[in-house]
Each structure stands twice: as structure tokens, then as C-alpha cells.
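First up is the structure itself, then whatever we jot down about it.
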Amino acid sequence: MLEIKNIHKKFDDLEVLKGASIKVDAHQVVVILGPSGSGKTTLLRCINFLEHADQGQLVVGDTQVDFSSAKKREIREIRKKVGFVFQNYNLFANKTAIQNVMHGLIVVKKMPKAEARKKAEEALAWVKLSDKHDYYPSQLSGGQQQRVGIARAIAMEPDIILFDEPTSALDPELIGETLEMMKNVAKRGITMLVVTHELSFAQDIADKVIFMDGGVVVEEGTPDEVFNHTKEERTKKFLARILSGKTIQTNEEPVKA
Ligand SMILES: Nc1ncnc2c1ncn2[C@@H]1O[C@H](COP(=O)(O)OP(=O)(O)OP(=O)(O)O)[C@@H](O)[C@H]1O
Ligand SMILES: [Mg+2]
């Protein structure tokens, strides 16, 4: 379904991705863990060409491209197949919940307005926000905004949805509802690649857990393998620090402001 091979990405002379390779099969949920600054967000952004990787290959469904030489048409094709749920929701502040969900359907999928509205209504009902269609993001809680973000991704019917720390900006009491919603997305059989530090979510629903540090994949396996039979020292240290609730920074690269 999605494969990244040997991805490299530099920001000026800071090498953020150094040959990571990641594979997500259809209907799988794959969780990426890693210290702050280890390149997780950059990796997700490169998949959607929000950031341009210097080297490597990307396969999404039947579309295969070289990161460094992808054509505009190929990038459009990939963006249609890949949904994105952001840490800070990234909703249009001047559009209502339903207008936010309809936007991509009309602009990217070229759907007629009435059809887009129907699809958006279904998606909002699915995330239990039928009563908030006409609310602006500022009138919604963080958890509700993130559910609009999830509805927006689902409505596009992508092959895979990427989630970048979808709960890390939420108050603790709102994290649960968003994780529940993500579990429902998984139950629908939607392929998911999720960056999160919610170990219990990973334990419960991930098919595969990947630990990244310093721009490479350090360790990967089932949740049981990575959490209970950890092989690498760096992974052990990271997990211990998460469990003790400390902030974690990469061992490899200085973190720029
Ligand atoms: N647009 C940019 N320009 C320059 N440097 C960048 C840019 N985006 C990210 N970086 C740098 O790349 C490194 C990796 O950043 P990235 O956001 O991918 O890390 P992350 O693993 O997502 O961290 P976090 O857990 O804090 O979200 C960091 O050192 C960061 O400062
Ligand atoms: Mg990040």
C-alpha cells in the first residue's frame, strides 16, 4: 500500500532523514515513535510532498515515484491517495466545519457541491459532529476540531491516512475521544501511518511499531516485540523516558528552534 525506500532529506547542512525505509501494508496500522527532532514530521510531510526529499523512492498503491524527480502530475496523484491529519488540526479558520470537509472534495476531487455536501455530512456524522456543521473552528474544542480533521481526511476516501501526533495538542481529557475515533478509523479497515507517543494506542491497535532516531529506523516489529522484547538500547532508553513522562530529544542531532 505504501512504501518508502531509502529516504534522504537535508535542511541546509542538517541531514534529517538518512536512509529510512518504511512499509505499510493495506489495512495495517503502523505507529512511528521517536524522540523530538528525529525526523518523524519531516518523513510524513515528504510522503505528501509538503516537503521535498532529496533522494529515495515512494510507492503509494500503484503509483511509484522517485522523491527527487516526481512530476507534478505524479504528486497530484499521490496527494489524492494520501490523507493527512495534523497535530494542530490545520482547519481553515474562516470556514465552518462542513465547509472545511467539503473543501478538498470540491477543489481536489472536483465533486459537484451538492454531492460534496452529502459526503461531508456523512463524514461529520461518522465523527459524531452532526450538530456542529455550521460551527467555525474557534467555536469548537480541540478534540472536536481534530474530529473535523479526521472527517476531512476520511471524506476524501484516501488509500492511507497519515496522522502526525494528532493528540499532542489536546488537553488530557480530550485525548481519549480522539484516540477512540482513530480506533474507529482503523476498524473501518483504513490503512494508517501514525506518529504518536500514545503507547497504549500503539499496543492496542498497531500491527507494527517503528522506532526512529537520528533519521533512520532503529527498530521495528509488533507492539509485543518492540515493547516487551526490545532489542536496541536506544529504544529501551526512549521507552523508559516516555513511561517516566519526561520530554525526549533525539540522541543524534541538535534540535533547532
Ligand atoms: N522547514 C525546516 N527548515 C529547517 N529545519 C527543519 C525544518 N523542518 C524541520 N527541521 C529540522 O529537522 C529536524 C527534524 O524535525 P521534525 O519536525 O521532522 O522532527 P520530529 O521527529 O517530528 O520532532 P517532534 O517529535 O518534536 O515533532 C529538526 O532538527 C528540525 O529543526
Ligand atoms: Mg513532529
**Request:** Could you look through segment 135-176, keep only residues that are at pLDDT 95 or above, within 16 Å of ligand 2 (Cβ to nearest atom) and not charged (D, E, K, R), and pick out the one that is nearest to Thr196 (Cα to Cα)?
**Result:** Phe163
**Request:** Would you be able to tell me the number of residues in segment 29-48 that are closer than 20 Å to Gln64 by Cβ and open to solvent by less than 40 Å² (accessible area, probe 1.4 Å)?
**Result:** 6
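Let's see how each residue does on (1) among the hydroxyl-bearing types (Ser, Thr, Tyr); (2) within 16 Å of ligand 2 (Cβ to nearest atom); (3) within 15 Å of Gly214 (Cβ to Cβ):
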{"residue": "Lys5", "(1), (2), (3)": "no, no, no"}
{"residue": "Gly19", "(1), (2), (3)": "no, no, yes"}
{"residue": "His27", "(1), (2), (3)": "no, no, no"}
{"residue": "Val31", "(1), (2), (3)": "no, yes, no"}
{"residue": "Ser36", "(1), (2), (3)": "yes, yes, yes"}
{"residue": "Phe49", "(1), (2), (3)": "no, no, no"}
{"residue": "Gln57", "(1), (2), (3)": "no, no, no"}
{"residue": "Gly61", "(1), (2), (3)": "no, no, no"}
{"residue": "Phe67", "(1), (2), (3)": "no, no, no"}
**Request:** Just give me the residues in segment 79-108 being part of a loop (DSSP other than H, G, I, E, B) and over 20 Å from Thr191 (Cα atoms), in sequence order.
**Result:** Asn88, Asn90, Leu91, Phe92, Ala93, Asn94, Lys95, Thr96, Val108
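With the structure loaded, tell me whether Asp62 is farther than 20 Å from His197 by Cβ, out of contact with any strand residue (DSSP E or B) (no Cβ under 8 Å at 6 or more places or on another chain) and either open to solvent by less than 10 Å² (accessible area, probe 1.4 Å) or more than 16 Å from ligand 1 (Cβ to nearest atom) (or both) or whether it fails that test. Break it down stepwise before answering.
Details: farther than 20 Å from His197 by Cβ: yes; out of contact with any strand residue (DSSP E or B) (no Cβ under 8 Å at 6 or more places or on another chain): yes; either open to solvent by less than 10 Å² (accessible area, probe 1.4 Å) or more than 16 Å from ligand 1 (Cβ to nearest atom) (or both): yes.
When the stated conditions are applied, Asp62 passes them.
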**Complete:** From the option list Lys72, Lys95, Lys23, single residue qualifying as open to solvent by 10 Å² or more (accessible area, probe 1.4 Å) and without any contact (Cβ under 8 Å) to a residue 12 or more places away in the chain is Lys72
**Message:** If Phe11 meets every condition in (1) within 17 Å of Asp213 (Cβ to Cβ); (2) within 11 Å of ligand 1 (Cβ to nearest atom); (3) modelled with pLDDT of 95 or more apart from one, which number is that one?
**Reply:** (1)
**Message:** Among the numbered criteria (1) open to solvent by less than 30 Å² (accessible area, probe 1.4 Å); (2) of a type in the set (A, V, I, L, M, F, W, C); (3) modelled with pLDDT under 95, which one does Leu17 miss?
**Reply:** (3)
**Asked** Name the residues in segment 33-59 that are in contact with a helix residue (DSSP H, G or I) (Cβ under 8 Å, 6 or more places away or on another chain), of a type outside the set (Asp, Glu) and within 9 Å of ligand 1 (Cβ to nearest atom), would you?
**Response** Gly34, Pro35
**Asked** Among the residues of segment 62-73, is there at least one that is under 18 Å from the mean Cα position of the chain (by Cα) and modelled with pLDDT of 95 or more?
**Response** no
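Within segment 47-68, how many residues are of a type outside the set (A, V, I, L, M, F, W, C), at positive phi and in a loop (DSSP other than H, G, I, E, B)?
1
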**Message:** Could you tell me how many of the residues in segment 187-231 are surrounded by 18 or more Cβ atoms within 10 Å (Cβ to Cβ), among the hydroxyl-bearing types (Ser, Thr, Tyr) and under 20 Å from Glu3 (Cβ atoms)?
**Reply:** 1
**Message:** Only one of Glu180, Glu173, Glu157 is in a loop (DSSP other than H, G, I, E, B), within 23 Å of Ala206 (Cα to Cα) and open to solvent by 70 Å² or more (accessible area, probe 1.4 Å). Can you tell me which?
**Reply:** Glu157
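Give me a count of the residues in segment 24-46 that are assigned to a strand (DSSP E or B) and more than 14 Å from the chain's Cα centre (by Cα).
1
The values are calculated or read from the model by the stated rules, or taken from the named source; none is laboratory data. This is a predicted model, so every value here is computed, not measured. Neighbour counts are summed over all protein chains in view; Cβ atoms, including those assigned to glycine, are modelled from backbone coordinates with ideal geometry. What goes into the accessible areas is simple: the full protein's heavy atoms, side chains included, and nothing from ligands, DNA or RNA. Shrake-Rupley method; radii C 1.70, N 1.55, O 1.52, S 1.80 Å.
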